[in-house]
1. Any chance segment 49-57 includes a residue that's open to solvent by less than 60 Å² (accessible area, probe 1.4 Å), part of a loop (DSSP other than H, G, I, E, B) and at pLDDT 90 or above?
2. Going residue by residue through segment 67-74, is there one that turns out to be in contact (Cβ under 8 Å) with a residue 24 or more places away in the chain, under 12 Å from the mean Cα position of the chain (by Cα) and surrounded by 15 or more Cβ atoms within 10 Å (Cβ to Cβ)?
3. Does segment 114-125 contain at least one residue that is at pLDDT 90 or above and either exposed (fewer than 15 other Cβ atoms within 10 Å of the Cβ) or within 11 Å of the chain's Cα centre (by Cα) (or both)?
4. Among the residues of segment 19-48, write down those that are in contact with a strand residue (DSSP E or B) (Cβ under 7 Å, 6 or more places away or on another chain), aliphatic (A, V, I, L, M), outside any loop (DSSP other than H, G, I, E, B) and open to solvent by 20 Å² or more (accessible area, probe 1.4 Å).
5. List, please: which pairs have Cβ atoms under 6 Å, are six or more places apart or on different chains, and start with a residue in segment 15-39 that is among the polar types (S, T, N, Q) and end with one that is open to solvent by 10 Å² or more (accessible area, probe 1.4 Å)?
6. When you check residue 80 against the structure, is it of a type in the set (Lys, Arg), open to solvent by 20 Å² or more (accessible area, probe 1.4 Å) and part of a strand (DSSP E or B), yes or no?
7. Are any residues in segment 90-110 within 19 Å of residue 27 (Cβ to Cβ), modelled with pLDDT of 90 or more and open to solvent by 20 Å² or more (accessible area, probe 1.4 Å), and if so, which ones?
Amino acid sequence: MKTRFTTVDIRAVIAEINANYIGMRVNNVYDIDNKTYLIRLQKPDSKAVLLIESGTRFHSTDFEWPKNMMPSGFAMKCRKHLKGRRLIQVKQLGIDRIVDIQFGSDEAAYHLIVELYDRLFSFSNNLSG
């Protein structure tokens, strides 16, 4: 079993997500623990779940993960800003193990930056016009 994604793994996952989930709206965001989050996506005829584990992995999943009873502050912030927004694009920054997940567009764009070599998340609003 893989414990960490390589650059090639990240490219493959991004290709799958861009091919299958672009245009879906965020239904909700859940946390499993302090570094693992689920983003539920949906459109009228289908649903999907993205699993993000900071520092380790990022992929779609069909497994029914147990969620925390009380969402963390980060999960609540993601819910506030991402709920109802469309997944616009997922891209890898250069050849680094950093993934930029964009929700919404133009002034209403939010980017979830996932670093798969460290234990960090970053969340930003695209304020450039």
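The values are calculated or read from the model by the stated rules, or taken from the named source; none is laboratory data. In this text the structure is predicted, and so the values were computed from the model without any measurement. Reconstructed Cβ throughout: ideal geometry from the backbone, glycine too, with neighbour counts over all protein chains shown. The accessibility values were calculated without ligands, DNA or RNA, using every heavy atom of the protein model including side chains. Shrake-Rupley method; radii C 1.70, N 1.55, O 1.52, S 1.80 Å.
1. Among the residues of segment 49-57, not one is open to solvent by less than 60 Å² (accessible area, probe 1.4 Å), part of a loop (DSSP other than H, G, I, E, B) and at pLDDT 90 or above, which makes the answer no.
2. No, the conditions are met nowhere in segment 67-74.
3. no
4. If the condition is that a residue be in contact with a strand residue (DSSP E or B) (Cβ under 7 Å, 6 or more places away or on another chain), aliphatic (A, V, I, L, M), outside any loop (DSSP other than H, G, I, E, B) and open to solvent by 20 Å² or more (accessible area, probe 1.4 Å), then 32 is the only one that fits.
5. Pairs found: 27/40; 27/42; 28/40; 36/53.
6. Values: of a type in the set (Lys, Arg): yes; open to solvent by 20 Å² or more (accessible area, probe 1.4 Å): yes; part of a strand (DSSP E or B): no.
Against the criterion (of a type in the set (Lys, Arg), open to solvent by 20 Å² or more (accessible area, probe 1.4 Å) and part of a strand (DSSP E or B)), residue 80 does not qualify.
7. 102, 110
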